[in-house]
Amino acid sequence: MTIKYGLLLTLMWGLLPLSAQDLMSALMNMRKEYEEASSLHVVMQVSVYDDTVSRQPHLSAKGEVRKENDNYRYAFGGMEMLMNERYILVVDAESRTIACQYRHPQAESDFHKSLPFSMDSILSFYEEPVYLGRQQAVDHYSVIQKLGPVGKIDLWINTEANKLHKMAYLYQEGQYVEIAFNVFDNDPTFGAGTFDEKSYVIKDDSGFRPSSGFNGYLVLEPEMD
């Protein structure tokens with residue numbers, strides 16, 4: 001199943017006063033830190049429910065984002081993606097394939113468009129928020145969307161640390177998605193081989209073959225420029 005990541009101002013009795021400026025300030029600070037950070041490590045748990053009353057998700061998957069300068073490594077469900085200074089790799093566990101490309105501007109653009117996690121989309125909203133309060137240094141905001149497939153977005157933000165704690169999407173058709181951010185670190189330290197393509201493929205005189213952790217996978221070799 002494809003998960004899409006992505007006010008008519010609602011003033012209900014019992015809600016705290018609107019704090020749109022506070023939310024916009026928090027989002028701007030988070031976006032600024034994200035854009036200026038040379039490194040980023042995010043670990044999230046995505047849970048998809050049929051509706052808001054379901055107790056068990058019908059889909060639950062871990063997502064992980066690692067970024068260091070212009071190197072990226074993503075994992076979500078059965079998909080993994082790597083971009084380093086030489087290659088762009090897409091690993092699909094379901095089809096047991098590893099697609100390889102040489103890194104170049106068009107391939108890089110396509111890579112970013114296909115990412116399962118986009119800070120730009122997460123930090124952008126088009127309607128006014130309602131501030132619902134604070135608990136344990138985490139501020140809760142709610143946004144009702146007039147247009148689009150998502151009818152409501154809830155955000156829990158640690159504004160002191162500029163960290164996104166949790167998000168929840170309620171789709172117009174009733175599906176409910178929760179994203180809990182277990183790690184949101186903009187100053188991580190990665191191991192030396194984190195962005196090495198040898199985690200997935202080995203290149204020798206005969207071409208590309210899967211690394212030991214992906215034995216049996218079909219490697220789709222890059223076309224020569």
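The values are calculated or read from the model by the stated rules, or taken from the named source; none is laboratory data. In this text the structure is predicted, and so the values were computed from the model without any measurement. Here the Cβ positions follow ideal geometry from the backbone for every residue, glycine too, while neighbour counts run over all protein chains shown.
Only a single item in (1) in a strand (DSSP E or B); (2) within 30 Å of TRP156 (Cβ to Cβ) is not met by PHE208, and it is number (2). The set of residues in the range 59-74 being surrounded by fewer than 19 Cβ atoms within 10 Å (Cβ to Cβ) and either touching a Ser or Thr at 6+ places or on another chain (Cβ under 7 Å) or part of a strand (DSSP E or B) (or both) consists of LEU59, SER60, ALA61, LYS62, GLU64, GLU68, ASN69, ASN71. Pairing each residue of the range 92-110 that is under 19 Å from PHE76 (Cβ atoms) and of a type in the set (Lys, Arg) with any residue that is in a loop (DSSP other than H, G, I, E, B) and at pLDDT 70 or above, provided the two are 6+ apart or on different chains, yields C-beta distances under 7 Å for ARG96/GLY216; ARG96/TYR217.
Does VAL177 count as in a strand (DSSP E or B), modelled with pLDDT of 95 or more and in contact with a strand residue (DSSP E or B) (Cβ under 9 Å, 6 or more places away or on another chain)? Spell out the reasoning first.
On the way: in a strand (DSSP E or B): yes; modelled with pLDDT of 95 or more: no; in contact with a strand residue (DSSP E or B) (Cβ under 9 Å, 6 or more places away or on another chain): yes.
Considered against the rule, which asks whether it is in a strand (DSSP E or B), modelled with pLDDT of 95 or more and in contact with a strand residue (DSSP E or B) (Cβ under 9 Å, 6 or more places away or on another chain), VAL177 comes out as no.
Taking the range 41-78 as the range and being under 12 Å from GLU178 (Cβ atoms) and among the β-branched types (Val, Ile, Thr) as the test, the residues that pass are VAL46, VAL48, THR52. Of all the numbered requirements in (1) under 20 Å from ILE153 (Cβ atoms); (2) β-branched (Val, Ile, Thr); (3) modelled with pLDDT of 90 or more, VAL42 misses one, and that requirement is (3).
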